[in-house]
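Read the structure below first, then the notes.
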Amino acid sequence: LALQNEMFSALSYATSKGFRIHPDAFALLSGLDKDVLNVVKEIILLKGRHENAPDGSLILVDDIKNFIQPRHDEVAIEQKSRILLDPTPKINTAEGAEGYAALFRSRFEKSMRIFSQRPDSKRITKISSVKQRSSSALESKPQSRKKGQPADQESSREDKYDNENAGAATFVVAGLLMSKRSKKAAVELVIDDYSGTLSALAVSEEVKNYASTLALDQAIMMELESTSAGLLVRKVVSPDIPDHISNRSKSEAYAVLISDLHIGSRHFMEAEFKSFLGWLSSEDELAQRVRFLCIGGDLVDGTGIFPEQDKELVEIDVSRQMARVTQLLATVPKHIKIFAIPGNHDPGRRALPQPAFPVQGSGGLYSLDNCTVLGNPAFVELNGVKILMYHGQSLDDIIAAVPGLSYSNPAEAMKVLLRARHLSPIYGGRTPIAPEQEDMMVITEVPDILHSGHVHVVDVASYKGTLIVNSGAWQSQTKFQQTMGITPTPGIAILVNLSTLEPIGRDFKLTQ
Ligand code: D5M
Ligand code: FE
Ligand code: ZN
């Protein structure tokens, strides 16, 4: 009778708070050797905090189980997120040449602000004032390409400098790298700082090697020496990121980084991806600690992206490809927050920066309440850890332009982006860039994690305190990739322990 009374007061309490108790949960409670009213009070307190829980007003068997045998320190794992930057609402595209002029001006100004944080930037002088000081030496203007114009391949005439400026006067300039050409034993660098344009020769091996890692159109700072042989580059540097200690999560929460699902493609590895999704919902100790899922673009395969793509598609309708994405992501447990950005295969505009998926034709992606749909690139903060998500289109141009880089180690190419403090520096290559008034591809703030995909090869590196992750793919090798000599490493998810920034690769490839 005492038990019945206790159950009655528990039930009345729940009802008074707008909660119902599932019959199975009721049965479980009746058998409990505990203060039942107190248990119900605690559960309601806990559930009340998750105001959006779908079964918020119903007490289930699982709630009681969770309460009487809490798994690990689940409740203690925090989940705080903030969007630091999303290009979607900021898209402000101008027309043609004028637009590109604004874009490059913005790039220049943002980059100079980054340089100004370095102690050696105190010496920066304007090119125009350098020219005034040593006008005779610099009179013969180098033929540089206009900003926003692809480099012309014709070699410009040799620039001759007079001898009268010999005497090792050095000065420092900073601007955008407009051209880079090999000339006999030297490399000619042309820099523009909006006060003027200047050409100088890199002759030492050290400077030439560093110059080879620079991307065209990125910001650089150069120390120059006026010699009888002309202007020589004594030192050239990228804005770069400083050595730093990254932010950490207080609790051992995990973020899972994935990209390049290519749903709709015949090569989408559905079984492996479902195995991954199953793991997210499993009792696995690590899976239980996952609070965030970052998806770095190419969710679908799209249509008309590469020649004869339709032969490789199982679903030719992009909206239906997107609906399939939504269906699969709907199985991600609701306590995991999803952040998704588009890639070059996804619906919406192709040019960078890309706004978030258009709502129309997104197959209901926006209806998942644990999914945040963002543009490319996007900057998010997860439990205090700043993650720069960028699909990685420009990696094709970087890998093609910088000697020593290849598709098998994309993290090295991603280092070039961090050094350039720009996600897509090269203009006029394979990566379409929109004439935005503001250059949103400048890496203004140092990220704790740089997450890209696109290359379909998993690669992880640490650079000056920033964790670099290329998260591979869930698509096996396509014919096109075969002809390009690209060997993907699909079916691997990268887990990052946000309290240590330690990455763990988890392989979901099924061996048959
Ligand atoms: O890119 C998948 C892979 O294919 C990635 O390594 C880049 C490479 N790729 C994509 N497009 C091209 C072109 N046009 N040339 C050379 N390599 C390319 P995805 O974006 O998934 O198709
Ligand atoms: Fe891809
Ligand atoms: Zn891609």
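Residues in region 73-117 that are farther than 23 Å from Glu223 by Cα, part of a helix (DSSP H, G or I) and of a type outside the set (Gly, Ala, Ser) were compared, and the one that is least open to solvent (accessible area, probe 1.4 Å) is Leu103.
For Ile399, the test of being surrounded by fewer than 23 Cβ atoms within 10 Å (Cβ to Cβ), of a type in the set (Val, Ile, Thr) and under 15 Å from Pro87 (Cβ atoms) is failed. Restricting attention to region 461-500, the residues that are away from ligand 1 (no atom under 16 Å from the Cβ) and surrounded by fewer than 20 Cβ atoms within 10 Å (Cβ to Cβ) total 9. Take Thr444 and tell me if it is in contact with a strand residue (DSSP E or B) (Cβ under 9 Å, 6 or more places away or on another chain) and free of Cβ contacts under 8 Å to residues at least 40 places away in the same chain. No.
Restricting the first member to region 59-73 and to residues that are under 15 Å from Gln288 (Cα atoms), and the second to residues that are at pLDDT below 75 and open to solvent by 60 Å² or more (accessible area, probe 1.4 Å), the beta-carbon pairs closer than 9 Å and six or more apart or on different chains are Asn66/Val75.
For Val359, the conditions (1) within 17 Å of Ile91 (Cβ to Cβ); (2) in contact (Cβ under 8 Å) with a residue 40 or more places away in the chain are fulfilled apart from (2).
Residue-by-condition table, conditions (1) within 16 Å of ligand 1 (Cβ to nearest atom); (2) assigned to a helix (DSSP H, G or I):
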{"position": "Phe379", "(1), (2)": "no, no"}
{"position": "Lys386", "(1), (2)": "no, no"}
{"position": "Tyr407", "(1), (2)": "yes, no"}
{"position": "Glu412", "(1), (2)": "yes, yes"}
{"position": "Leu418", "(1), (2)": "no, yes"}
{"position": "Gly428", "(1), (2)": "yes, no"}
{"position": "Met440", "(1), (2)": "no, no"}
{"position": "His456", "(1), (2)": "yes, no"}
{"position": "Asp459", "(1), (2)": "yes, no"}
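One residue stands out among those in region 461-512 that are in contact with a helix residue (DSSP H, G or I) (Cβ under 7 Å, 6 or more places away or on another chain), in a loop (DSSP other than H, G, I, E, B) and away from ligand 2 (no atom under 16 Å from the Cβ): the one that is farthest from Asp298 (Cα to Cα), which is Leu510. Screening Ala255, Ala323, Ala351 for residues that are surrounded by fewer than 24 Cβ atoms within 10 Å (Cβ to Cβ) and more than 16 Å from ligand 3 (Cβ to nearest atom) leaves exactly one candidate, Ala323.
When Phe273, Phe268, Phe292 are checked against the criterion of being open to solvent by less than 30 Å² (accessible area, probe 1.4 Å), away from ligand 2 (no atom under 16 Å from the Cβ) and not charged (D, E, K, R), a single residue qualifies: Phe292. Of the numbered criteria (1) open to solvent by less than 10 Å² (accessible area, probe 1.4 Å); (2) more than 16 Å from ligand 3 (Cβ to nearest atom); (3) β-branched (Val, Ile, Thr), the one Ile426 fails is (1). Whenever a residue of region 402-426 is modelled with pLDDT of 95 or more, its partners that are among the acidic types (Asp, Glu) and in a helix (DSSP H, G or I), lying with C-beta atoms within less than 6 angstrom and at least six residues away or across chains, give the pairs Leu405/Glu412; Ile426/Asp397. Filtering region 433-455 to residues that are open to solvent by 10 Å² or more (accessible area, probe 1.4 Å) and within 16 Å of ligand 2 (Cβ to nearest atom) leaves only His454. Just checking, does region 310-319 include any residue being open to solvent by 20 Å² or more (accessible area, probe 1.4 Å), away from ligand 2 (no atom under 16 Å from the Cβ) and at pLDDT below 95? Checked region 310-319: at least one residue is open to solvent by 20 Å² or more (accessible area, probe 1.4 Å), away from ligand 2 (no atom under 16 Å from the Cβ) and at pLDDT below 95.
Pick from Ala351, Ala356, Ala378: which is in contact with a Leu (Cβ under 6 Å, 6 or more places away or on another chain), hydrophobic (A, V, I, L, M, F, W, C) and away from ligand 2 (no atom under 16 Å from the Cβ)?
Details: Ala351 fails: in contact with a Leu (Cβ under 6 Å, 6 or more places away or on another chain); Ala378 fails: in contact with a Leu (Cβ under 6 Å, 6 or more places away or on another chain).
One residue alone meets the criteria, Ala356.
The values are calculated or read from the model by the stated rules, or taken from the named source; none is laboratory data. Keep in mind that this is a model prediction, so the values were computed, not measured. Cβ sites come from the backbone with ideal geometry, for glycine too, and all protein chains shown count toward neighbours. In case anyone asks, the SASA skips ligands and DNA or RNA and just uses the protein heavy atoms, side chains included. Shrake-Rupley method; radii C 1.70, N 1.55, O 1.52, S 1.80 Å.
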